[in-house]
Amino acid sequence: MPSGTELLASPEQIAKYEPVIGLEVHVQLATNTKIFCGCPTSFGAPPNSNVCPVCLGMPGALPVLNKHAVELAIEASLALNCTVNPKSIFARKNYFYPDLPKGYQISQYDQPLAEHGFVEIHVNGETRRIGVTRVHMEDDAGKSIHDGFKDSERYTYVDLNRSGTPLIEIVSEPDIRTSDEAHAYLTAVKEVLQYINVSTCDMEKGHLRCDANVSVRIKGAEKFGTKAEVKNLNSFRFLKMALDHEIARQVALIEGGGRVVQETRLYDPDADETVSMRSKEHAHDYRYFPEPDLAPLRVSEAWMSSIRDQMPELPASRRKRFIDELGLREYDAQVLTATRAMSEYFEKAAAASGDARAAANWVMGDLSALLKQEGKEIEDSPISAENLGGLLKLIASGKLSGKLAKDIFPKMAASGETADVIVQREGIEQISDTGALGKIIDEVVAANPKQVEQYRSGKTQVIGFLVGQVMKASRGQADPAVVNKMLAEKLS
């Protein structure tokens, strides 16, 4: 239960309303230096060490636009299906806060970098398209650190290392209707930006942050309700929880005869509630005007084409190809395209083995379990994709059984050797030779007359016991399919 005094609506009351949600996603671009100066963007440096006159807002210091930041922003815009504008304008967004040394943020206002895109999401078996209004570039503010009370006084420290780091803000259309859809949208945005290496999207380092604009209206109504903005949601879980709470709060207000106030709110995860922060600003409150120290940003068709040509295949396209060309199930394709590294590893393993379905099963099963056990990401896999493919080829050729392959797999991880090397050294190749197997089968049949008699009297399921004895006698190297066939023929 929330700790505040505000009432929340019941599920029956909420069911009468339709939420209208739009997300503003702030993403730090993966550059080595800041957007308007040469200071490093490295995380974890001593406070106020990655700074210079430009990002400290010193008088007379002039910004110089980072070309790589622009290229990453263009890549992100193209990946989000946006139209990149040939001309965009940087503007000053004026507001005052201790961690904003210039007293304004350099952003883009009425002429952004890109517009009119979309993101496809999949929720509850349905596919929906969420519009992207705009993608614009801006610089980040610093960080205020509130250190509680000392000697009855409250202290706040300011670290300006983050001031001037390059951001893009991705603003969605108000097309989202549930917290699940919001979660799916943010997941899809993060996935595609990580795929193209535009950003690490590491929420713990502040590389991905989200604000949510939320309103409710009676189902069937066309007019939007009054919206509240929930700021600085820094986890997927908190996004969903904050939206569910805010929807219930707004419905309860309306059902109780009150009205929703346009304001900015913060989400308190400990209390599971949103709390009022300040009245919501309007655009004119920021007194936007064109940044006089930066020329308009012009993107030529040739420059944009060169950026587009260097982009990797996007996850949605790769997912479809895995299904259509490699015959994977939709679920498997979804898992294997969750990250670019995972999809590339799988493709190499599939190519080396010649069997995409087998490669998919091993990557999602044995390999994922091994990586989880060792606390590693797939980029650091101790078994290369080519070596995994080689193991699968031995299974397909009949030289290894599935059981023997699972025994060899951890040895490959520990040594870095190929399956062929381990098989030859340890002599553990699967036995398919009927002559060699015939001798073992004769010995098993002679040693188990009771089970042989049971089989011949109609209890044919006992053959499983006899197959197991043959496998044991052969140290697991017998081909189970050949053993089953030979045993059935002998006992008949």
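Just give me the residues in region 185-199 being part of a helix (DSSP H, G or I) and either in the same structural domain as R340 (by TED's automatic domain parsing) or closer than 19 Å to R340 by Cβ (or both), in sequence order. Of everything in region 185-199, those that are part of a helix (DSSP H, G or I) and either in the same structural domain as R340 (by TED's automatic domain parsing) or closer than 19 Å to R340 by Cβ (or both) turn out to be L186, T187, A188, V189, K190, E191, V192, L193, Q194, Y195.
Residue count for region 63-88, restricted to those that are loosely packed, with under 15 Cβ neighbours inside 10 Å and either among the hydrophobic types (A, V, I, L, M, F, W, C) or over 30 Å from the mean Cα position of the chain (by Cα) (or both): 3. For region 112-167, a residue qualifies if it is in a loop (DSSP other than H, G, I, E, B) and hydrophobic (A, V, I, L, M, F, W, C), and the qualifying residues are L113, A141, L160.
Please enumerate the residues belonging to region 441-491 that are among the hydrophobic types (A, V, I, L, M, F, W, C) and in contact with a Phe, Trp or Tyr (Cβ under 7 Å, 6 or more places away or on another chain). Talk me through it step by step, then tell me what you get.
From region 441-491, those among the hydrophobic types (A, V, I, L, M, F, W, C) are 441, 444-447, 452, 462-463, 465-467, 470-471, 473, 478, 481-483, 486-488, 491; that's our starting set.
Result: V462, I463, L491.
With E153, E126 as the choices, which residue is surrounded by fewer than 17 Cβ atoms within 10 Å (Cβ to Cβ), over 29 Å from V216 (Cβ atoms) and among the acidic types (D, E)?
Details: E126 fails: over 29 Å from V216 (Cβ atoms).
Sole residue among the options that is surrounded by fewer than 17 Cβ atoms within 10 Å (Cβ to Cβ), over 29 Å from V216 (Cβ atoms) and among the acidic types (D, E): E153.
Can S235 be described as free of Cβ contacts under 8 Å to residues at least 60 places away in the same chain and among the small types (G, A, S)? It is true that S235 is free of Cβ contacts under 8 Å to residues at least 60 places away in the same chain and among the small types (G, A, S). Residue check: is D202 modelled with pLDDT of 95 or more, surrounded by fewer than 17 Cβ atoms within 10 Å (Cβ to Cβ) and in the same structural domain as E291 (by TED's automatic domain parsing)? In short, no.
Return the total of residues in region 182-197 being out of contact with any strand residue (DSSP E or B) (no Cβ under 7 Å at 6 or more places or on another chain) and buried (at least 22 other Cβ atoms within 10 Å of the Cβ). Steps first, please.
Of the residues in region 182-197, the ones out of contact with any strand residue (DSSP E or B) (no Cβ under 7 Å at 6 or more places or on another chain) are 183, 187, 191-192, 194-197.
Next cut, buried (at least 22 other Cβ atoms within 10 Å of the Cβ) only: 195.
Looking only at that region, the number is 1.
I need a count of the residues in region 255-271 that are closer than 12 Å to G225 by Cβ and either under 28 Å from the mean Cα position of the chain (by Cα) or touching a residue at least 60 places away in the same chain (Cβ under 8 Å) (or both). Of the residues in that region, 0 qualify.
You will find that of V158, V171, the residue that is under 25 Å from S49 (Cβ atoms), surrounded by 15 or more Cβ atoms within 10 Å (Cβ to Cβ) and in contact with a strand residue (DSSP E or B) (Cβ under 7 Å, 6 or more places away or on another chain) is V158 and no other. All of (1) surrounded by fewer than 19 Cβ atoms within 10 Å (Cβ to Cβ); (2) under 31 Å from the mean Cα position of the chain (by Cα) hold for L233 with one exception: (1). Residue count for region 210-226, restricted to those that are touching a Pro at 6+ places or on another chain (Cβ under 8 Å) and either at pLDDT below 95 or surrounded by fewer than 18 Cβ atoms within 10 Å (Cβ to Cβ) (or both): 1.
Considering only residues in region 381-422 that are assigned to a helix (DSSP H, G or I) and among the hydroxyl-bearing types (S, T, Y), the one that is nearest to S368 (Cα to Cα) turns out to be S415.
State which residue is nearest to the chain's Cα centre (by Cα) when the search covers only region 337-361 and only residues that are closer than 23 Å to V192 by Cβ and buried (at least 22 other Cβ atoms within 10 Å of the Cβ).
Here is the first cut: in region 337-361, the residues closer than 23 Å to V192 by Cβ are 337-348, 350, 360.
Retained after the next criterion (residues that are buried (at least 22 other Cβ atoms within 10 Å of the Cβ)): 337, 343, 345-346, 350, 360.
Numbers: T337: 10, S343: 13, Y345: 17, F346: 17, A350: 23, A360: 19 Å.
Within region 337-361, the match that is nearest to the chain's Cα centre (by Cα) is T337.
In region 89-112, the residue that is farthest from H26 (Cα to Cα) out of those that are of a type in the set (S, T, Y) and under 32 Å from the mean Cα position of the chain (by Cα) is Y109.
Might you let me know whether region 132-147 holds any residue that is basic (K, R), closer than 20 Å to R298 by Cα and either under 20 Å from the mean Cα position of the chain (by Cα) or modelled with pLDDT of 95 or more (or both)? Looking through region 132-147, at least one residue is basic (K, R), closer than 20 Å to R298 by Cα and either under 20 Å from the mean Cα position of the chain (by Cα) or modelled with pLDDT of 95 or more (or both). Of all the listed residues (G398, G327, G427), the sole one being touching a residue at least 40 places away in the same chain (Cβ under 8 Å) and at positive phi is G398.
Quick check: anything in region 237-258 more than 18 Å from A15 (Cα to Cα), in a loop (DSSP other than H, G, I, E, B) and in the same structural domain as Q111 (by TED's automatic domain parsing)? Yes, there is a match, as at least one residue in region 237-258 is more than 18 Å from A15 (Cα to Cα), in a loop (DSSP other than H, G, I, E, B) and in the same structural domain as Q111 (by TED's automatic domain parsing). Any residue in region 18-32 that is surrounded by fewer than 21 Cβ atoms within 10 Å (Cβ to Cβ), modelled with pLDDT under 95 and in a loop (DSSP other than H, G, I, E, B)? Looking for residues that are surrounded by fewer than 21 Cβ atoms within 10 Å (Cβ to Cβ), modelled with pLDDT under 95 and in a loop (DSSP other than H, G, I, E, B), one finds none in region 18-32, hence no.
The values are calculated or read from the model by the stated rules, or taken from the named source; none is laboratory data. All values derive from a computational prediction rather than experimental measurement. FYI the Cβ positions are ideal-geometry reconstructions off the backbone, even for glycines, and counts take in every protein chain you see.
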